[in-house]
Amino acid sequence: MPVEDLLIDEPGKIVLLEGNHAMARAVLEAGVSFSSTYPGTPASEIGDILNRLAPKIPNFYSEYSVNEAVALEGAAGASWTGVRALCTMKHVGLNVASDPLHTIAQTGVKGGLVLIMASDAGAYSSQSEQDNRWFSYHTFMPWIEPSTLQEAKDFIVAAFDLSEKYDVPVIVCPSSRICHGMGKVKLKAFKNIPAKGNFVSDMTKYANATFFSVEHKKQLLKKIRKLSRNHIKGKLKKELDGVEFNIVLPGDSKTGIITTGVSYGYTLEALEQLKIFDIPIFRPGLLYPLNDNFVINFIDQFNLERLIIIEELMPFVENRVKEILFDAGIKIELHGKDIFPDYHEFNIDIVRDNLAKILGVETPAHIQKIQKIAKKASTMAPRRDPNWCPGCPHRATFYTLKKVTKDKGVYGCDIGCYAMAIKPPLNMGHWIICMGAGLGIAQGMAHKTDQLVFASIGDSTFFHSGMQGMLNAIYNNSNMTLLVLDNKWTSMTGQQPTQTTGLDSHFQPIQPVDIAAIAKAMGCKYVRKVDPYNVKALQTTLLDAISREGFKVIVCSRECALQADRRRRKKLEQIKRPIPKVIYQIDPERCQKCNECLVILGCPAITKAKDESGEEYYYIESARCTNCGVCYEICPNSAITKTEVNIHLEGID
């Protein structure tokens, strides 16, 4: 459904939504007044949707923050005025936010404060698949994990009620499959959103130092224990308007299953495929705190002799269950990570096949047949590795850097589209750790090696966590070169605006930030700004930078090709007159098939085919070409021609 349809206030209506849309809808149903985010897949769309809708929602404010720590601090500030506040990020973003997170947790809230933190088992869009559930033990924050899209929406609304009731921030952790899955969701009524709150000074609550901090921790532990007691007594359900976090499915088998999150759905389908319908299942939705009696009662109620724990990644619930069993003196056969993998995401096949091993049953023949067909088909499907888009300025930047250094440098890479520099044909990233670490590691390395040291960082990452590393390199005169790849957008996570775009969080024009000016203001003596499409100019600048000692900054400024092309196409739709055109073609008579454009540059708009006589030739796909002109500049044989049509007419750029 269109994003604007999320504003429909029709309680009881059932609609088809993506998970991130459902969670954005929860903001309206919870009466949230403030939302902050740093975009990160798989959670990006939540913030994107809220920023798009914010101007249409009375009293609601939403923003893209420069990083997750600032986003969380901003949400806490709003909460302390008494309004409800949401902060959204991906799992590795919690590392960045963990400093304020620990102290804000023990400080408490005034208005409800909820953090949506999307996990990424399988690391499909991340540098790590870390299991963040252990943060609940660090921070003593309630940890909620939905299994369905309906729960994702409803649990967020309940999380705000829980947060205010127990004066504690709450974490809701949807998996990537919840975020990007599609399903039917039943809508509920909107809650009133207050325009403003009012902060009331209270040193005993908000000041965390010495004895105050210890007292805050004591109070937080009391809140969590009270929450846990009320959950087992059934009081929590009443406090949360009938929302129950846990599910218990009865069964006659002496084997029981405890499962969480999306693994719950996989388990149900796996058991159905195995034709097993008598196993009792306990699905906790509130993973922390998990009251001992939920597990003990589950075992006692069904006289269980064996437990199977099914959860993605690390044995978080399994360890908690073992702790409960040990304290209660219960001896029972238990299986979890001794059978199920503790890495990558699960699916129905993984859950079914491992359940079959434990239960001593065979996977049905028709399922095995389907698996064989699917395995064969997967080997036949062409690989679709991540790649830069046609016309991506990063391709030109790294191509030029490779040519200048002849692969004799050390290249620190970072988090963003430019991370694909580590892949063939360029093979230029020597490490990817976390946002800002490309520069951070490089500036330290430069003090202890005579090699040429380079680091690359995007504009969004620069503002997120790169400025500190740059200041440190300037202050300590690290002998290296930093390439800031300013493409004006947070492209990898969905083209959100950055501080250099010239647009605010709601896409209204503002004054863009000048990265080169920041570097100069910090004291960098060598700062240059180059268009990476101008390969010769970039080559000259790089050679000049290499010849000098000290810390150098080169800002490679060129807008993301996708955004530039989209804007150009929109303009073309609006005008009805001829405009100048540029056409690039490969002259087969001149082309020596040297592979400079096809392989070394690796432009996906350039491909090869065979003519009627069977002779191979190279050509440019006009539908994919963005007219960046880089191939024209680098062709050593002048085989790529440039034709300009109607150059006397007014353009649209």
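The values are calculated or read from the model by the stated rules, or taken from the named source; none is laboratory data. What you see is a predicted model; the values in this text were computed from it and never measured. Every residue, glycine as well, gets a Cβ built from its backbone with ideal geometry; the counts of neighbours run over all protein chains shown. All accessible areas refer to the heavy atoms of the entire protein, side chains included, with ligands and DNA or RNA removed. Shrake-Rupley method; radii C 1.70, N 1.55, O 1.52, S 1.80 Å.
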(request) Tell me the strands (runs of 3 or more DSSP E) entirely within region 194-285 that contain at least 1 residues that are at pLDDT 95 or above, open to solvent by 50 Å² or more (accessible area, probe 1.4 Å) and farther than 24 Å from Met141 by Cβ. (result) 247-249
(request) Among the residues of region 445-466, write down those that are crowded, with 18+ Cβ neighbours inside 10 Å and assigned to a helix (DSSP H, G or I). (result) Met445, Ala446, Asp459, Ser460, Thr461, Phe462, Phe463, His464, Ser465, Gly466
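Condition test on Asp167, is it farther than 29 Å from Val3 by Cβ and without any contact (Cβ under 8 Å) to a residue 40 or more places away in the chain?
Here the answer is no, as Asp167 does not meet what is asked.
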(message) So, in region 598-625, exactly how many residues are part of a strand (DSSP E or B), small (Gly, Ala, Ser) and open to solvent by 60 Å² or more (accessible area, probe 1.4 Å)?
(response) 0
(request) Within region 288-297, identify whether any single residue is part of a helix (DSSP H, G or I), of a type in the set (A, V, I, L, M), open to solvent by 10 Å² or more (accessible area, probe 1.4 Å) and touching a Leu at 6+ places or on another chain (Cβ under 9 Å), and answer yes or no. (result) yes
(request) Please find, within region 466-481, the residue that is nearest to Ile415 (Cα to Cα) out of those that are out of contact with any helix residue (DSSP H, G or I) (no Cβ under 6 Å at 6 or more places or on another chain) and in contact (Cβ under 8 Å) with a residue 60 or more places away in the chain. (result) Met470
(request) Name the one entry in Glu549, Glu559 that is surrounded by 12 or more Cβ atoms within 10 Å (Cβ to Cβ), of a type in the set (D, E, K, R) and in contact (Cβ under 8 Å) with a residue 40 or more places away in the chain. (result) Glu559
(request) Just one of (1) in contact with a strand residue (DSSP E or B) (Cβ under 9 Å, 6 or more places away or on another chain); (2) open to solvent by less than 30 Å² (accessible area, probe 1.4 Å); (3) more than 30 Å from Glu272 (Cβ to Cβ) trips up Met435, so point out which. (result) (2)
(request) Go through (1) surrounded by 10 or more Cβ atoms within 10 Å (Cβ to Cβ); (2) free of Cβ contacts under 8 Å to residues at least 12 places away in the same chain and name the single condition Glu573 misses. (result) (1)
(request) Within region 373-406, work out how many residues are without any contact (Cβ under 8 Å) to a residue 24 or more places away in the chain, open to solvent by less than 80 Å² (accessible area, probe 1.4 Å) and either within 18 Å of Leu562 (Cβ to Cβ) or assigned to a loop (DSSP other than H, G, I, E, B) (or both). (result) 1
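Please work out which residue is nearest to Tyr38 (Cα to Cα), limiting yourself to region 72-86 and to residues that are touching a Leu at 6+ places or on another chain (Cβ under 7 Å) and part of a helix (DSSP H, G or I).
Restricting to residues being touching a Leu at 6+ places or on another chain (Cβ under 7 Å) and part of a helix (DSSP H, G or I), the top hit is Leu72.
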(request) Take region 153-192 and flag every residue that is open to solvent by 20 Å² or more (accessible area, probe 1.4 Å), over 23 Å from Leu16 (Cβ atoms), in contact with a helix residue (DSSP H, G or I) (Cβ under 8 Å, 6 or more places away or on another chain) and outside any helix (DSSP H, G or I). (result) Asp167, Lys191
(request) Could you list, in sequence order, all residues of region 29-48 that are open to solvent by 10 Å² or more (accessible area, probe 1.4 Å) and not in a loop (DSSP other than H, G, I, E, B)? (result) Phe34, Glu45, Asp48
